[in-house]
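Inspection log for the structure reproduced underneath, given as structure tokens.
The values are calculated or read from the model by the stated rules, or taken from the named source; none is laboratory data. Just so it is clear, the structure is predicted and the values come from calculations on it, not from any experiment. Here Cβ is always computed from backbone atoms with ideal geometry, including for glycine, and neighbour counts include all displayed protein chains. Just so you know, the surface numbers come from the protein's heavy atoms only, side chains and all, with ligands and any DNA or RNA stripped out. Shrake-Rupley method; radii C 1.70, N 1.55, O 1.52, S 1.80 Å.
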Amino acid sequence: MAKTKFVIKRLGILTGGGDAPGLNAVIRAAVKVAVRNYGISVVGFEDGFAGLVENRTRKLTPREVVGILPRGGTILGTTNRENPFYYPVKENGEIVYKDLSQQALANLNSLGVQALIIIGGDGSLKIAKEMWERYSFPVIGVPKTIDNDIAATDQTFGFDTAVTTATEAIDKLHTTAEAHHRVMVLEVMGRYTGWIALHAGVAGGADVILIPEIPFAVDKVCEKILERQREGKKFSIVVVAEGAKPVGGEMVVKKIVKESFESVRLGGIGNVVGEQIERTTGIETRVTVLGHLQRGGSPSSFDRLLATRFGAAAVNFLLEGRFGEMVSLRTPDITSVPLAEAVGSMRRVPLGCDLIRAARQMGISFGD
Ligand code: F6P
């Protein structure tokens with residue numbers, strides 16, 4: 001077995017928050033690297049932090065991870081509702097919130113788990129940071145989200161697959177839009193950032209892309225659509241990020257999920273924009289909300305590679321003692337950064353980036 005700075009005999013893994021294609025690839029890589037190279041046994045916690053608090057586990061051997069590389073979702077299950085520091089407990093028929101982090105810690109200790117890999121988005125990584133800062137429990141974070149909004153890494157896995165799915169949707173909308181001379185509005189995910197909308201919009205040849213980073217005026221959107229009509233292009237494709245908002249206006253909130261550690265659920269801006277376009281231009285307009293299709297399915301090759309590199313690095317970095325950190329892509333390398341630097345600040349689309357410039361120069365409107 002390879003010699004390491006720290007000795008870890010048993011390692012825990014959990015997946016927290018919304019799923020993203022590539023979670024299984026991280027689990028597979030971490031298990032294979034840990035077992036094959038260092039003789040570490042691996043325990044998976046089921047359903048994210050819920051399994052940690054409730055001590056629901058499964059043994060992860062190389063045999064358990066056979067065939068999971070191309071599978072979407074997570075074999076461990078996940079949830080964005082259970083936070084050990086603010087845990088929902090039923091008391092007298094009512095849900096009350098309690099700090100059950102000591103219970104989670106006791107479970108780790110009784111299982112002999114000496115270090116924990118937490119694969120998650122901002123919410124899960126904040127919990128990882130808390131476990132390290134409050135209890136000095138050796139944790140390492142692995143950033144995942146289709147939204148690509150985590151600071152301190154060039155990219156998260158899951159994003160590339162979501163962009164591919166959204167691009168395919170735009171391709172399909174193009175053919176029907178052209179046939180019917182319609183405006184097609186596609187609402188995509190991304191929470192408070194416009195990464196998915198921007199990348200899929202450019203890759204799919206959209207005419208208008210609306211992102212949270214650039215507040216839009218619907219008149220400008222309509223101007224673009226009418227300009228295309230005058231040029232003889234009788235259809236238009238508008239891609240709207242769920243977090244896009246009009247100048248001086250607010251994002252459209254679909255619902256508040258109180259129990260979730262990411263409580264705001266966005267959604268609905270596509271319909272708002274679609275109605276306004278139809279009313280102003282008189283052109284028949286249809287709206288598609290792509291929704292969770294963006295989270296499902298088999299990860300792209302890029303996401304499988306990034307997830308595999310992250311999973312392998314997470315094990316190696318723990319053995320080097322890089323506790324309380326998050327693995328990160330700093331192209332072309334995989335490195336790690338303190339969790340404190342990675343959480344709480346969002347990675348937004350930079351307004352001066354070359355992709356926005358190229359898009360504008362190609363005639364794409366951002367509604368500004
Ligand atoms: O963060 C990933 C994400 O898919 C966002 O793009 C979206 O706003 C949110 O999660 C949806 O959450 P839920 O799965 O709880 O509906």
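The table below lists the values:
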item: Residues listed by number, segment 311-345, amide nitrogen under 18 Å from Leu105 label point at 7 Å toward C-beta; result: 323-325
item: Lys144 accessible area, 1.4 Å probe, all protein chains in place, Å² to nearest 10; result: 10
item: Extension gain (nm, one decimal) between Val257 and Tyr97, 0.36 nm per residue minus Cα-Cα; result: 56.1 nm
item: Equivalent ellipsoid semi-axes - Cα gyration tensor, the chain, angstrom; result: 41, 21, 17
item: Added length on full extension, which subtracts the Cα-Cα distance from 0.36 nm per residue, Tyr86 to Asp368; result: 97.4 nm
item: Net charge, Glu133 excluded, C-beta distance under 14 Å - Lys, Arg +1, Asp, Glu -1; result: 0
item: List His181, His292, ordered by accessible area with a 1.4 Å probe, largest first; result: His292, His181
item: Protein-only accessible surface order, largest first, of Lys254, Lys129 at 1.4 Å; result: Lys254, Lys129
item: Residue-normalised accessible area of the chain, given per residue in Å² at a 1.4 Å probe; result: 43
item: Nearest-0.05 FRET efficiency for Ala217 and Thr176, computed from C-beta distance (R0 30 Å); result: 0.65
item: Solvent-accessible ranking of Thr74, Thr280, largest area first, probe 1.4 Å; result: Thr280, Thr74
item: Above-threshold pairs, the threshold being 22 Å between Cα atoms, out of Lys220/Lys255; Lys32/Lys144; Lys3/Lys129; Lys98/Lys126; Lys234/Lys254; Lys144/Lys245; result: Lys220/Lys255; Lys3/Lys129; Lys234/Lys254; Lys144/Lys245
item: Full-extension gain in nm, Ser345 to Arg58, via 0.36 nm per residue minus C-alpha separation; result: 100.0 nm
item: Area of Ser260 that stays accessible when all protein chains are in place (1.4 Å probe, Å², to 10); result: 10
item: The chain - percent of accessible surface contributed by carbon and sulfur, probe 1.4 Å; result: 49
item: Segment 236-313 versus segment 153-182: alpha-carbon centroid distance in Å; result: 12
